[in-house]
1. Amide H to amide H, which residues 5 or more places from PHE18 or on other chains are under 5 Å from it, using H placed in the peptide plane?
2. If I stretch the segment between GLN67 and ASP118 completely, what's the gain in nm (0.36 nm per residue apart, minus their alpha carbon distance), one decimal?
3. Return ILE71, ILE172 ranked ascending by Cβ neighbour count within 10 Å, so the fewest neighbours appear first.
4. For segment 57-132, which semi-axes, largest first and in whole Å, follow from the square roots of 5 times the eigenvalues of its Cα gyration tensor?
5. Can you work out ³J(HN,Hα) from phi for every residue in segment 68-74, in order, using Karplus 6.51 cos²θ - 1.76 cosθ + 1.60 and θ = phi - 60°, giving whole Hz and x for Gly and Pro?
6. Once R0 is set to 22 Å, what does the formula 1/(1 + (r/R0)^6) return for the Cβ-Cβ distance between VAL29 and ASN131, expressed as a FRET efficiency to the nearest 0.05?
7. So what are the ³J(HN,Hα) numbers for segment 54-60, from phi and the Karplus equation (6.51, -1.76, 1.60; θ = phi - 60°), rounded to whole Hz, Gly and Pro as x?
8. For the chain, take the alpha-carbon Rg, divide it by the Kirkwood Rh, and send me Rg/Rh.
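Throughout, read-outs are computed from the coordinates displayed, never taken from laboratory work. Remember, it's a predicted structure, so these values are computed and weren't measured experimentally. Counting neighbours? That spans all protein chains shown, and the Cβs are built from the backbone with ideal geometry, glycine included.
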Amino acid sequence: MARTPSNMIPLGTKAPDFKLPDTVSGQTVSLNELKGTQATVVMFICNHCPFVKHVNAGMVAMAKDYQSMGIGFIAISSNDVLNYPDDAPDLMTVNAREEGYPFPYLYDESQEVAKAYDAACTPDFYLFDRNLQLVYRGQMDDSRPGNGIPVTGKDLRAAIDTLLSGGKINAIQKPSIGCNIKWKVPS
């Protein structure tokens, strides 16, 4: 199990726009259509990664806790499905339904969105304010498969809570750790 950290892009970075197919609704949607009124969490995930499987229930609980407060949640899979068929769009649909995702699960076939966000691993989390400026990037919490720490989402939840209360989010943030994004091999 590879342990790849997030690329800690500069805070204040503007969220790159996108239009991607949602494997749950079947619609092509944009960042502008999905963003929250208060903030937006963009999560790079996939079906097969043990790190994502470990936090799935925590991501669902967090989204359910905050969506009514104007926080948008967007999940994106950018993995190469030719070499990682478990991450194919039809299986993303199945996974989203089985996990009860209350957020769209988008497929980034070209991998251009992952590159635009400088995403490195699954899961990789980004929190943008209402103006789509980056205020947090990194881990959900300290829990990892097998380390015995419960999944609470404390780091990401603290950032969201601070943003909602109008406070200043601590700029010292820990990178997420997970499987590397499965990049396509140029032919």
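1. Counting only residues 5 or more places away or on other chains, the set is LEU31, ASN32.
2. On the way: separation 51, 0.36 × 51 = 18.36 nm, distance 2.52 nm.
So the extension gain works out to 15.8 nm.
3. Placing the least packed residue first, the sequence is ILE172, ILE71.
4. Working: eigenvalues 97, 59, 17 Å².
With the √(5λ) rule applied to segment 57-132, the semi-axes are 22, 17, 9 Å.
5. Result, ordered by residue: 5, 9, x, 9, x, 10, 9 Hz.
6. Taking R0 as 22 Å, the efficiency between VAL29 and ASN131 is 0.65.
7. Karplus values, whole Hz, x for Gly and Pro: 5, 10, 3, 4, x, 5, 4.
8. Numbers: Rg = 15.0 Å, Rh = 16.2 Å.
On the Cα set of the chain, Rg over Rh gives 0.93.
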